[in-house]
There are 2 protein chains.
Amino acid sequence: MDHPPFAVTVDLVVLTLRDELCALVVRRGIEPYAGEWALPGGFVRADEDLPDAARRELAEETGLAPGSVHIEQLAGYGAPGRDPRLRVVTIAYLALAPDLPVPSAGTDAAEARWVPVRALAAERLAFDHDRILADGVERARAKLEYSPLATAFCAPEFTVAELRRVYELVWDTRLDPRNFHRKVTGTAGLLAPTGRTTTRDGGRPAQLYRRGEAELLYPPMLRS
Amino acid sequence: MDHPPFAVTVDLVVLTLRDELCALVVRRGIEPYAGEWALPGGFVRADEDLPDAARRELAEETGLAPGSVHIEQLAGYGAPGRDPRLRVVTIAYLALAPDLPVPSAGTDAAEARWVPVRALAAERLAFDHDRILADGVERARAKLEYSPLATAFCAPEFTVAELRRVYELVWDTRLDPRNFHRKVTGTAGLLAPTGRTTTRDGGRPAQLYRRGEAELLYPPMLRS
């Protein structure tokens, strides 16, 4: 069996909404790229499956219980030379959560912060993390069209106006409130009414919803 | 730098349409799982990027030029114990092509054949390849809804009836010809008219189309 040795890592594109869509980056405390910004992540352990490694790194980097965070695999990256030490294949994960707190630094990270993805073009991240971050943001933007992923940015119970704010911030666009309300409440499996209302939006009592059962949305493309 | 050693492979879910949706499997010529059916694939070489390894394996296993085949990354799989020899992370790729020929056997494969995916439940493939194959079929089925992926199963120029046959075989369902025609010709970016017609369907002259420019389809979910 002739095969070269690899190391395997997981890297995390962690997205949250603050005043705008933000991604978590950490300043590397060790070589290579010491002192530079990178996505959080680390080596997969000998006895660990890939999703377990991703959830462990997420907990270490954000202090959050994995159960409160949507996490899905993004893609594998393995170009020769992407790590100057040896061949490293990384499996990137996309994690989304509502309004995450300022993170505590992870084990090999000196500092951590949220960076608005709007400023992505001006960032230079270590390794090939620019591309991984861009792929994660693109995945999130695309999936809002055809899945209930936007609800992962909301509290467990949310109003239509709160959901609309998610779409507006992730897509960096304005949506007509009345059309949006009609479309999301008319989309099978997207929303489950709780029967309760809230006035926390500041206006009239608004219905509170939970995420519905659908994994994919047919038909509506909300943007159309 | 404390990290365990891994090997990295690529595995291929190669789908084509014959009388029904079929996947390529090979009988393994070497241990582990010698004599059993598996997805085609192999170790990534020391100087090789992951997509290059996938295209090389595809050419070796099918004899097809990669340019004629749609190929995209499916996902990474790396559970401890999925290979009895050592930790192996595999990056799976999904490849689609129209009416592929019966393949020639690859370097470590004693035999290769197409298996109807309808018979999937009765197949027991080596490693975790049952799951990878099921994930690939599910990806293809889902993407037909929101992308022009179905055109990857067609010749470069195709009729609406030929495209409908793709949807019917992949989804294993019947679609109303008139509704289908209205929806696909009304979907922005899905089809590009060639201005030519054909009678190869056996009926009246039918328009020939090429794939349009769209990467994702908004709005229409054809099944709705």
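Data for the structure
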| item | result |
| --- | --- |
| Unmet criterion (only one of (1) part of a loop (DSSP other than H, G, I, E, B); (2) closer than 30 Å to B:Ala53 by Cα; (3) within 14 Å of chain B (Cβ to nearest Cβ)) for A:Pro51 | (1) |
| Residue in segment B:142-159 that is β-branched (Val, Ile, Thr), touching a Ser or Thr at 6+ places or on another chain (Cβ under 7 Å) and away from chain A (no Cβ under 14 Å) present | yes |
| Matching residues, segment A:131-154, being in contact with a helix residue (DSSP H, G or I) (Cβ under 8 Å, 6 or more places away or on another chain) and either open to solvent by 50 Å² or more (accessible area, probe 1.4 Å) or of a type outside the set (D, E, K, R) (or both) | A:Leu133, A:Ala134, A:Val137, A:Ala140, A:Arg141, A:Leu144, A:Tyr146, A:Leu149, A:Ala150, A:Thr151, A:Phe153, A:Cys154 |
| Out of A:Ala46, A:Ala59, sole residue that is away from chain B (no Cβ under 14 Å), without any contact (Cβ under 8 Å) to a residue 12 or more places away in the chain and open to solvent by 10 Å² or more (accessible area, probe 1.4 Å) | A:Ala59 |
| Of residues in segment A:155-170 being in contact with a strand residue (DSSP E or B) (Cβ under 9 Å, 6 or more places away or on another chain) and under 16 Å from A:Cys22 (Cβ atoms), the one most open to solvent (accessible area, probe 1.4 Å) | A:Arg165 |
| Residues that are assigned to a loop (DSSP other than H, G, I, E, B) and either modelled with pLDDT under 90 or surrounded by fewer than 19 Cβ atoms within 10 Å (Cβ to Cβ) (or both), drawn from segment A:62-88 | A:Gly63, A:Leu64, A:Ala65, A:Val69, A:Ala79, A:Pro80, A:Gly81, A:Arg82, A:Pro84, A:Arg85, A:Leu86 |
| Test for B:Asp11: is it within 14 Å of another protein chain (Cβ to nearest Cβ) and either in contact with a strand residue (DSSP E or B) (Cβ under 7 Å, 6 or more places away or on another chain) or open to solvent by less than 50 Å² (accessible area, probe 1.4 Å) (or both) | yes |
| Top-ranked residue of segment A:89-124 - restricted to ones that are modelled with pLDDT of 95 or more and more than 15 Å from the chain's Cα centre (by Cα), ranked as nearest to the other protein chains (Cβ to nearest Cβ) | A:Val89 |
| Breaking point among (1) open to solvent by 10 Å² or more (accessible area, probe 1.4 Å); (2) more than 14 Å from every other protein chain (Cβ to nearest Cβ); (3) within 30 Å of B:Leu163 (Cα to Cα), for B:Glu36 | (3) |
| Contacts under 8 angstrom Cβ, first residue in segment A:70-88 being under 18 Å from A:Ala53 (Cβ atoms) and at the interface with chain B (Cβ under 7 Å from one of its Cβ atoms), partner open to solvent by 30 Å² or more (accessible area, probe 1.4 Å) and assigned to a strand (DSSP E or B), 6 or more apart | A:Ala75/B:Gln73; A:Gly76/B:Gln73 |
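The values are calculated or read from the model by the stated rules, or taken from the named source; none is laboratory data. Computed from a predicted model, the values in this text were never measured in an experiment. Methodologically, a virtual Cβ is constructed for each residue, glycine included, from the backbone with ideal geometry; neighbour enumeration extends over all protein chains shown. With ligands, DNA and RNA removed, areas are computed over all heavy atoms of the protein, side chains included. Shrake-Rupley method; radii C 1.70, N 1.55, O 1.52, S 1.80 Å.
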